[in-house]
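Dropping the structure in here first, questions after.
The values are calculated or read from the model by the stated rules, or taken from the named source; none is laboratory data. If you're wondering where the values come from, they're calculated on a predicted model, not measured in any experiment. Don't worry about glycine lacking a Cβ; one is built from the backbone with ideal geometry, like all the others, and counts go over all protein chains shown.
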Amino acid sequence: MKRSIIKTLTGLSMLVSLQTWGADYVAHEWGTFTSVINKDGKQIQGLHHEEEALPNFVYDLSRVEQTTPNDPPIFRTPRRRGGGRTRGFTPASMNLMPIPTFTEKITQKMETPVIYFYTDKKIDVKVRVDFPKGVISQWFPNISSINPSEEAKNGYGVWDIEVLKTKTAALPQTSGNSIWNPSREVNSNIVKVNNEREKLIFYRGLGDFKTALKITEYKDVLTLRNNSHLDIKGLTLLNHRDTKNELLHIKSLKAGEETRISLNSLKSFESFLKYKEAAKKVIVKDLIASGLYRDESIAMVNTWEGGYFQTEGLRLLYVLPNEWTEEILPMKLSPAPKSLVRTLVGRVEILTSSDDALIKEFIKRPLPIFNINGRELKGLGHFPEPKLRRALELTTDPVLKRKINDLITSMNRGFLN
């Protein structure tokens, strides 16, 4: 009798241990979210424009057919000969959806979170990603259910996937220079949804939230303050403008700590290629330290080579504490994996006093109205809408304000690729 009880308890203990350990697979995620701030640290709206075009097979919340008010929307992904690109996320396209105006509120772009799976056997997994302060706007493979929130809040996406035993399969075709390609250069298992196969789950989102990292600039001095109870690791400051190629790496910013950085103290590189090589090396090292595999880390950096290194401007990249990631994007995997790594990188585009001077010069000129897109504008470069919204803060002239608002309106009219 005593031996039977001990045996039963031992069996229960083993069962509990197995349940705690999770199913026999591993999941890793990486992604970037982008914001634009002024020199006082205030986040600027207008981040709903698509910076990097995606392959045409990617599902897009802006391509939707509304049937009747009581029926769910039908998502369409047109397949044009030769590939093509997604439309982008625009107010005009959202007239087809119950989301007509929320783009005014977007201060964060959740960009290219991808989830990889590793297993020695086929396994079915339900993946749910919640976005309490945003909405999921693009995804692949197809999603099982989604919440296209009217206020870009309480968004979520659910995928019912098969993780196949194999790591190779016929995948959707992409162009040779597609931003999609580097994310496939990883030794992960194939993910299957119906007839769709890919090396990963991909999604993007649009939202409005803040983190506890405060960044301000005054007279070419940046102040970084960590208002969290958690340390922030892997901070990289990048300054790429004209012939400037500068970098500064900070290993960690302790909880409650503040540091000041003179923009004249950044390490300068004689060529863009050497600057990019050094920046990639330090960021890959930080990503590996966060728990990602080396090939995943390289894939992330190569995916964002354009945005991280080639886009002109001053930006800070940093690895989020895991607690922040779980708060911004809660995730539930069923069954739970035996190991899960989630690495989000915050990308903060910093408009300094020097940028303000350039913006003021721009709005003194005759302002264009037509043939404007949301990705780039001659004279302002990338992130033109946030820069125009900054211009609204820098002028008191009511006539000029009206012209700037007209330009923002024209930027949001029609297809924005």
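Which one of these does LEU222 not meet: (1) more than 23 Å from the chain's Cα centre (by Cα); (2) part of a loop (DSSP other than H, G, I, E, B); (3) among the aliphatic types (A, V, I, L, M)?
The single condition LEU222 does not satisfy is (2).
Can you tell which of LEU351, LEU266 is surrounded by 16 or more Cβ atoms within 10 Å (Cβ to Cβ), in contact with a strand residue (DSSP E or B) (Cβ under 8 Å, 6 or more places away or on another chain), of a type in the set (A, V, I, L, M, F, W, C) and over 23 Å from GLY134 (Cβ atoms)?
Result of the check over LEU351, LEU266: LEU266.
Read through the list (1) of a type outside the set (Phe, Trp, Tyr); (2) in contact (Cβ under 8 Å) with a residue 12 or more places away in the chain; (3) farther than 26 Å from ASN302 by Cα, then give the number of the only condition that ASN195 fails.
Only one criterion in (1) of a type outside the set (Phe, Trp, Tyr); (2) in contact (Cβ under 8 Å) with a residue 12 or more places away in the chain; (3) farther than 26 Å from ASN302 by Cα is unmet by ASN195, namely (2).
Can you tell me which residue among ILE106, ILE99 is modelled with pLDDT under 95, β-branched (Val, Ile, Thr), touching a Leu at 6+ places or on another chain (Cβ under 6 Å) and surrounded by 19 or more Cβ atoms within 10 Å (Cβ to Cβ)?
That would be ILE106, the only listed residue that is modelled with pLDDT under 95, β-branched (Val, Ile, Thr), touching a Leu at 6+ places or on another chain (Cβ under 6 Å) and surrounded by 19 or more Cβ atoms within 10 Å (Cβ to Cβ).
Could you check the range 145-160 and list, in sequence order, the residues that are at pLDDT below 90 and in contact with an Asp or Glu (Cβ under 7 Å, 6 or more places away or on another chain)?
Selection gives ALA152 alone.
Okay, next question. When the residues of the range 257-279 are narrowed to those that are farther than 13 Å from THR236 by Cα and among the aromatic types (Phe, Trp, Tyr), which ends up nearest to the chain's Cα centre (by Cα)?
Once the filter is applied, the top-ranked residue is PHE272.
Go through the range 363-392 residue by residue and tally those that are within 29 Å of the chain's Cα centre (by Cα) and surrounded by 14 or more Cβ atoms within 10 Å (Cβ to Cβ).
Going through the range 363-392 one residue at a time, the tally reaches 20.
Being touching a strand residue (DSSP E or B) at 6+ places or on another chain (Cβ under 6 Å), surrounded by 18 or more Cβ atoms within 10 Å (Cβ to Cβ) and not assigned by TED's automatic domain parsing to the domain that holds ILE115: is that true of ILE261 here?
In short, yes.
Among the residues of the range 322-351, count how many are assigned to a loop (DSSP other than H, G, I, E, B) and within 19 Å of the chain's Cα centre (by Cα).
2
Name the residue, out of SER410, SER354, that is more than 26 Å from the chain's Cα centre (by Cα) and of a type outside the set (Asp, Glu).
Testing whether each residue is more than 26 Å from the chain's Cα centre (by Cα) and of a type outside the set (Asp, Glu) leaves just SER354.
May I pose another question? Does GLY134 satisfy being modelled with pLDDT under 95 and either more than 19 Å from GLU29 (Cβ to Cβ) or in the same structural domain as ARG294 (by TED's automatic domain parsing) (or both)?
So GLY134 fails the test.
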